[in-house]
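J.: Below you'll find the structure I mean.
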Amino acid sequence: MAVFVSLGLAAQEKDDVPYRHEWRFGVSGLPVVDILALSDGWGFDDRRNFDIDDIFDDYDGTRRMLGQLSAEYSINYRKWFSFSVGGYLSTAWNKVYDYKGDPAGFDMGVTLHIAPTVRFKYINTDAFSMYIGLSAGIMLGYKDEMLAFPSFQIVPLGFTFGRKVFGFVELGGGFLYLGGNAGIGYRF
């Protein structure tokens with residue numbers, strides 16, 4: 001731990017930022033809140049209110065979901081600190097069938113998280129950095145009605161590798177995703 005603190009302090013002393021701006025494009029892990037927002041309830045059928053006419057209702061086919069796709073713009077204020085604003089897009093869809101099994105339509109939902117993020121780099125070299133990150137924002141969505149929820153994310157472990165064109169990997173949890181986020185970026 002003392003090694004990380006001393007490396008972080010050494011990074012703070014050098015405020016010469018080689019690249020002030022960066023773009024990041026990534027794909028995230030499991031978007032838990034999006035799954036709940038775009039699903040039909042919590043997955044439990046209400047068997048107490050069953051009506052014989054329900055057997056003639058339409059039903060949903062297999063639900064498919066696109067993982068979180070993200071685009072983010074960052075400003076590196078110091079070699080150890082950056083501020084970003086990102087958009088995280090996810091969508092879910094399925095076919096709808098009538099009681100005979102014939103196609104009866106299509107159902108779709110979409111979410112967009114707008115999330116300002118701060119990152120604190122505690123290891124920072126020219127071609128590699130390790131950081132922690134915190135995000136707080138809002139999730140907007142639509143599936144039969146408009147949705148809005150607060151959104152937050154904690155990234156206890158993040159890495160970048162490369163210089164002008166770089167890759168990144170983050171492990172985190174929160175409303176944006178649970179698990180990992182990986183992608184590519186460009187600094188200028």
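The values are calculated or read from the model by the stated rules, or taken from the named source; none is laboratory data. All values derive from a computational prediction rather than experimental measurement. Quick reminder, even Gly has a Cβ in these numbers, built from the backbone with ideal geometry, and neighbours come from all protein chains shown.
J.: For segment 72-107, which residues satisfy the criterion of being outside any strand (DSSP E or B) and either touching a residue at least 40 places away in the same chain (Cβ under 8 Å) or within 19 Å of the chain's Cα centre (by Cα) (or both)?
T.: Residues satisfying the conditions are 79, 80, 98, 99.
Here is a yes/no grid of residues against (1) hydrophobic (A, V, I, L, M, F, W, C); (2) on the phi < 0 side of the Ramachandran plot:
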{"residue": "75", "(1), (2)": "yes, yes"}
{"residue": "88", "(1), (2)": "no, yes"}
{"residue": "92", "(1), (2)": "yes, yes"}
{"residue": "105", "(1), (2)": "no, no"}
{"residue": "108", "(1), (2)": "yes, yes"}
{"residue": "111", "(1), (2)": "no, yes"}
{"residue": "125", "(1), (2)": "no, yes"}
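J.: Within segment 110-129, which residues are farther than 30 Å from residue 92 by Cβ, loosely packed, with under 15 Cβ neighbours inside 10 Å and hydrophobic (A, V, I, L, M, F, W, C)?
T.: Answer for segment 110-129, where residues must be farther than 30 Å from residue 92 by Cβ, loosely packed, with under 15 Cβ neighbours inside 10 Å and hydrophobic (A, V, I, L, M, F, W, C): 127, 128.
J.: Let me ask something additional. Select from segment 159-188 the residues that are of a type outside the set (Lys, Arg) and in a loop (DSSP other than H, G, I, E, B) and write down the one among them that is nearest to residue 112 (Cα to Cα).
T.: If we take residues in segment 159-188 being of a type outside the set (Lys, Arg) and in a loop (DSSP other than H, G, I, E, B), then 176 is nearest to residue 112 (Cα to Cα).
J.: Here is a further query. Which of the residues that make up segment 157-171 are under 15 Å from the mean Cα position of the chain (by Cα) and among the charged types (D, E, K, R)?
T.: Residue satisfying the conditions is 170 alone.
J.: Another question, if that's okay. Which of the residues belonging to segment 55-71 are at pLDDT below 85, assigned to a strand (DSSP E or B) and either surrounded by 15 or more Cβ atoms within 10 Å (Cβ to Cβ) or among the aliphatic types (A, V, I, L, M) (or both)?
T.: Result: 65, 66, 67.
J.: Is it true that some residue in segment 115-134 is over 24 Å from residue 19 (Cα atoms) and either in a strand (DSSP E or B) or modelled with pLDDT of 95 or more (or both)?
T.: no
J.: Within segment 12-24, can one find any residue that is surrounded by 14 or more Cβ atoms within 10 Å (Cβ to Cβ) and at pLDDT below 80?
T.: Yes, because at least one residue in segment 12-24 is surrounded by 14 or more Cβ atoms within 10 Å (Cβ to Cβ) and at pLDDT below 80.
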